[in-house]
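Below: one structure, written as structure tokens.
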Amino acid sequence: MGLSFVCQTPIQELTLPLNGNRVFVKREDLLPFSFGGNKARKARLFFEDIRTNGSDCVVTYGSSSSNHCRVVANAAAAEGLRCIVVSPLENQKKTYNESMLKVFGTEIFRCPLDQVSDTIRETMDSLHKEGAKPYFIPGGGHGNLGTQAYVDVYNEIVIQEKEKDIRFDILFFACGTGTTQAGLICGKLMCCDEREIVGISIARNTRRASDVILGSVNDYLTSCGRSPADGSVVRIDDKYILGGYGKYSPEIVHTIRDVLVHEGIALDTTYTGKAFWGMKDYIKTKNIRGKNILFIHTGGTPLFFDSLREMDNE
Ligand SMILES: *Cc1c(COP(=O)(O)O)cnc(C)c1O
């Protein structure tokens, strides 16, 4: 029921040729809860922890386009738990994700971006005072449980490679908080594998993103009693951020249209479409050929419909 699904998402090959490479997509968008995506993977582990702790209320953080907030709010509603989302006043675009929060009866506490941590702390304090047992999930499902979710996905990919008798040389995906990337890197290190894991940053510059990812990798590795890694394990490209979170170009819109028409797969302008477009350019400019490439579709299907609405207006 609800988030207690068993995971294994399909891997399918695309028909579009890409510089003489075979391109496959791992359909994390098809996870069977609340439109799926990497946030559903992560939330599944957070809600196991919530059940173990006997918490009766969930507090999290995210903007109005947050896929994480949608999934968490849906899961909380499904389990009959009160849910509070702290949301920055600076990002109040009207989105389907936020419309869904209303359906779930989520309480939204808005505050300026620079008061987010204070608001979260005050909210947790006053819930404790009321006698509630609140559980805080970091924005984007960041933290060791989020990392664990993508260590699990790495292991799932290794199993699927054996089943399909194929080996993926490079993994690409949209990188936001970097938890997805940290999990994939830890999975690779723990399997002692050699392959490239390339995050296409959708907002952060390379230095900031690398620092956060390496921090997550080492938090996770030390929690498993392993020795920490050095910065060389992180590969992230910030060439495609286009001025920041949510910014996109006509080329991204063109890519989204192409992938939808030829493959029947929906991407969005904030995450997956931006990353797919970045991956295409990365492959071309680095003249990568003859490889098996795996693009991880990290979800965000409701954002596809927001993108479609914006594309329609152009
Ligand atoms: C949150 C999100 C990402 C980024 O994942 P991180 O683990 O935060 O790097 C990528 N794609 C989609 C659709 C997302 O919602």
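The values are calculated or read from the model by the stated rules, or taken from the named source; none is laboratory data. Given the structure is predicted, the values throughout are model-derived calculations rather than measurements. Heads up, the Cβs are rebuilt from the backbone with ideal geometry, glycines too, and the neighbour counts pull from every protein chain shown. The protein model used for the area step is the full one, side chains on, heavy atoms only, and it has no ligands, DNA or RNA in it. Shrake-Rupley method; radii C 1.70, N 1.55, O 1.52, S 1.80 Å.
Numerical summary
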item: Residue within segment 15-32 that is out of contact with any strand residue (DSSP E or B) (no Cβ under 9 Å at 6 or more places or on another chain), under 26 Å from K164 (Cβ atoms) and open to solvent by less than 20 Å² (accessible area, probe 1.4 Å) present; result: yes
item: Subset of segment 235-270 [touching a Ser or Thr at 6+ places or on another chain (Cβ under 8 Å), of a type in the set (A, V, I, L, M) and away from the ligand (no atom under 16 Å from the Cβ)]; result: V253
item: Any hit, segment 172-183, residues being more than 12 Å from the ligand (Cβ to nearest atom) and touching a residue at least 40 places away in the same chain (Cβ under 8 Å); result: no
item: Which listed residue, of G80, G37, is at positive phi, out of contact with any Lys or Arg (no Cβ under 8 Å at 6 or more places or on another chain) and either of a type in the set (S, T, N, Q) or within 15 Å of the ligand (Cβ to nearest atom) (or both); result: G37
item: Of all residues in segment 271-293 being within 16 Å of the ligand (Cβ to nearest atom) and in a helix (DSSP H, G or I), the one that is surrounded by the most Cβ atoms within 10 Å (Cβ to Cβ); result: T272
item: Residue tally, condition part of a loop (DSSP other than H, G, I, E, B), at pLDDT 95 or above and either farther than 24 Å from E310 by Cα or open to solvent by 70 Å² or more (accessible area, probe 1.4 Å) (or both), over segment 191-237; result: 12
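Results for (1) in a loop (DSSP other than H, G, I, E, B); (2) small (G, A, S), shown as yes or no for each residue.
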{"residue": "L267", "(1), (2)": "yes, no"}
{"residue": "F295", "(1), (2)": "no, no"}
{"residue": "G299", "(1), (2)": "yes, yes"}
{"residue": "F305", "(1), (2)": "no, no"}
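Yes/no matrix, rows are residues, columns are (1) open to solvent by less than 40 Å² (accessible area, probe 1.4 Å); (2) over 16 Å from I185 (Cβ atoms):
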| position | (1), (2) |
| --- | --- |
| L101 | yes, yes |
| G105 | no, yes |
| Q115 | no, yes |
| D118 | no, yes |
| I137 | yes, yes |
| V151 | yes, no |
| E156 | yes, no |
